[in-house]
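Shown next, in structure tokens, is the structure this report addresses.
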């Protein structure tokens, strides 16, 4: 029972009625209070309290005041013995409750299978539904052990039903391929132990590494490492294993994601012999869910690694350019003042020599030389970044891209991003062309608009119209990353990067207004934007007004003006 009740709740649930007083009338002292508490506790919870501590103090006080007995007397009320058994019998008879029987538990399991959503059997929701169902029928719940047994029985029956439905969609060849994932074969393990099988049937220390027996399923359980050529190739191998199974389209269609996630976790944690021990349907059901979700996760991992590679190229290039800029120049202070003095002296003495007018006004020849060096370095900063990106990509990262692109199929629901998709198809087509051939073929269809930024155009296309492959690949990958992150481009077989249309409920078009109302959002896009802008302006103004006077917040000059907050006092 919850511990806190407001005045209205206490009055509604724990106020004694005339019928209650008839039952209480002949009882006194602690017996009187204890009976009253049991009488009002049962309709609320559907069961009697097991201990005095189960009853909130405010409920005890509320009933003690009504029956005229001190609240502390409840501590002397015996929860074992003939008295409380008689009280329970009287209350059951008066309120129409009864203890549960084995028949009730059998019927409860059948009811859970028929009425509970399938996903509830994989969470605590099924147990809560069982207790509520018994309460509604005025049946006291059984012991925790009996209740768990009934809920588990319902879960097994529901699982068998769902497993049969999924297995029915699978061909015999697919089922054989799934079972093959559990078969152990001799596999040479790598030096880093990455191929060691924690689920080996006989993983003895005396077994040589080269003779370790592993299962393909074990390889599928491993997580992706950091973005490197080795980790990318291993992820591709895992995805290829799953695709070799040749699952039908949407093999777990109709199953809630909670169920698929729970099945995946069971496959990960169970040993190989435990998986083999399941019935044919349940084993195929579990492995199908695992392969389906694991394939989506691996696809997401490949996309993440692709995005990480593209990000690293740009981030490292900018850092190198920043370091080079800092080391190459000495920043000149007061450029505006220098310009004013030089301009003023030049106007006053237009016919004198530069050495006599400009140099003294600027503070000397060395100041002008430093100023020219600084401004030249700033002007060439973008070129330096572009050249560094190109060099880094060509010498290291380029070899990682083709394997990823070959495994992924990119799609878009917007024709505006068709050039990016065409660019990626072009990269796939040229993946096997020797890297020392710098240009695309003259007759190749090469989309530039929407792919190549203006700043990169001089590096991508020369004066003869030839398109440099490396520079173009960099631009195409950067454009792809930007579109993937906002789902303007999506990937077949992915989970996080799936078709954004799949994020909507299937009946969204029919119940559009209802869903918007549930989210408390306007149907008009302009109204949504205006509301959001107004809220942002409000809080930015609040921050602007309050920051100078707020001693708990300060903005430092370190690392791009970080916002520092003081530690909250305990």
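The values are calculated or read from the model by the stated rules, or taken from the named source; none is laboratory data. Here the structure is a predicted model, which is why all the values come from computation and not from measurement. Quick reminder, even Gly has a Cβ in these numbers, built from the backbone with ideal geometry, and neighbours come from all protein chains shown.
Could you list, in sequence order, all residues of region 68-107 that are assigned to a helix (DSSP H, G or I), more than 51 Å from the chain's Cα centre (by Cα), within 15 Å of residue 24 (Cα to Cα) and touching a residue at least 24 places away in the same chain (Cβ under 8 Å)? Outline the logic, then answer.
First pass over region 68-107, keeping only residues assigned to a helix (DSSP H, G or I): 71-76, 82-95, 102-107.
Among the residues that remain, those that are also more than 51 Å from the chain's Cα centre (by Cα) are: 73, 76, 82-87, 89-90, 93-94.
Checking the rest, the ones that are also within 15 Å of residue 24 (Cα to Cα) come to 83-84, 86-87, 89-90, 93-94.
Of everything in region 68-107, those that are assigned to a helix (DSSP H, G or I), more than 51 Å from the chain's Cα centre (by Cα), within 15 Å of residue 24 (Cα to Cα) and touching a residue at least 24 places away in the same chain (Cβ under 8 Å) turn out to be 83, 84, 87, 90, 94.
Taking residue 48 as the residue in question, decide whether it is in contact (Cβ under 8 Å) with a residue 60 or more places away in the chain, within 22 Å of residue 139 (Cα to Cα), in the same structural domain as residue 16 (by TED's automatic domain parsing) and in a loop (DSSP other than H, G, I, E, B).
Answer is yes for this residue.
For region 231-258, what are the residues that are modelled with pLDDT under 90, outside any helix (DSSP H, G or I) and over 30 Å from residue 124 (Cβ atoms)?
Of everything in region 231-258, just one residue is modelled with pLDDT under 90, outside any helix (DSSP H, G or I) and over 30 Å from residue 124 (Cβ atoms), namely 249.
Report whether or not residue 214 is modelled with pLDDT of 50 or more, touching a strand residue (DSSP E or B) at 6+ places or on another chain (Cβ under 7 Å) and either in the same structural domain as residue 280 (by TED's automatic domain parsing) or not in a loop (DSSP other than H, G, I, E, B) (or both). First the steps, then the outcome.
On the way: modelled with pLDDT of 50 or more: yes; touching a strand residue (DSSP E or B) at 6+ places or on another chain (Cβ under 7 Å): yes; either in the same structural domain as residue 280 (by TED's automatic domain parsing) or not in a loop (DSSP other than H, G, I, E, B) (or both): yes.
Considered against the rule, which asks whether it is modelled with pLDDT of 50 or more, touching a strand residue (DSSP E or B) at 6+ places or on another chain (Cβ under 7 Å) and either in the same structural domain as residue 280 (by TED's automatic domain parsing) or not in a loop (DSSP other than H, G, I, E, B) (or both), residue 214 comes out as yes.
Check 63, 16 and return the single one that is modelled with pLDDT of 90 or more, farther than 23 Å from residue 136 by Cβ and in a loop (DSSP other than H, G, I, E, B).
16
Name the one entry in 459, 421, 426, 408 that is farther than 18 Å from residue 307 by Cα and touching a strand residue (DSSP E or B) at 6+ places or on another chain (Cβ under 7 Å). Step through it out loud before you land on a result.
Numbers: 421 fails: farther than 18 Å from residue 307 by Cα; 426 fails: touching a strand residue (DSSP E or B) at 6+ places or on another chain (Cβ under 7 Å); 408 fails: farther than 18 Å from residue 307 by Cα.
Just a single option satisfies the conditions, and that option is 459.
From the list 206, 177, 224, 189, exactly one residue is assigned by TED's automatic domain parsing to the domain that holds residue 292, modelled with pLDDT of 80 or more and part of a loop (DSSP other than H, G, I, E, B). Which is it?
224
Residues 495, 538, 519: which one is at pLDDT 90 or above and loosely packed, with under 12 Cβ neighbours inside 10 Å?
Matching residue, one of 495, 538, 519: 538.
Are there helices (runs of 4 or more DSSP H) fully within region 425-544 with at least 3 residues that are more than 27 Å from residue 415 (Cβ to Cβ)? List them.
512-519
Scanning for something at positive phi and modelled with pLDDT of 90 or more, does region 522-530 turn up at least one residue?
No, region 522-530 contains no residue that is at positive phi and modelled with pLDDT of 90 or more.
Inspect region 137-145 for any residue being assigned to a helix (DSSP H, G or I) and farther than 18 Å from residue 50 by Cβ and give the result as yes or no.
Within region 137-145, none of the residues are assigned to a helix (DSSP H, G or I) and farther than 18 Å from residue 50 by Cβ.
Can we say residue 110 is closer than 30 Å to residue 266 by Cα, touching a residue at least 24 places away in the same chain (Cβ under 8 Å) and surrounded by fewer than 18 Cβ atoms within 10 Å (Cβ to Cβ)? Step through it out loud before you land on a result.
Working: closer than 30 Å to residue 266 by Cα: yes; touching a residue at least 24 places away in the same chain (Cβ under 8 Å): yes; surrounded by fewer than 18 Cβ atoms within 10 Å (Cβ to Cβ): yes.
Yes; evaluated as a whole, the condition is true for this residue.
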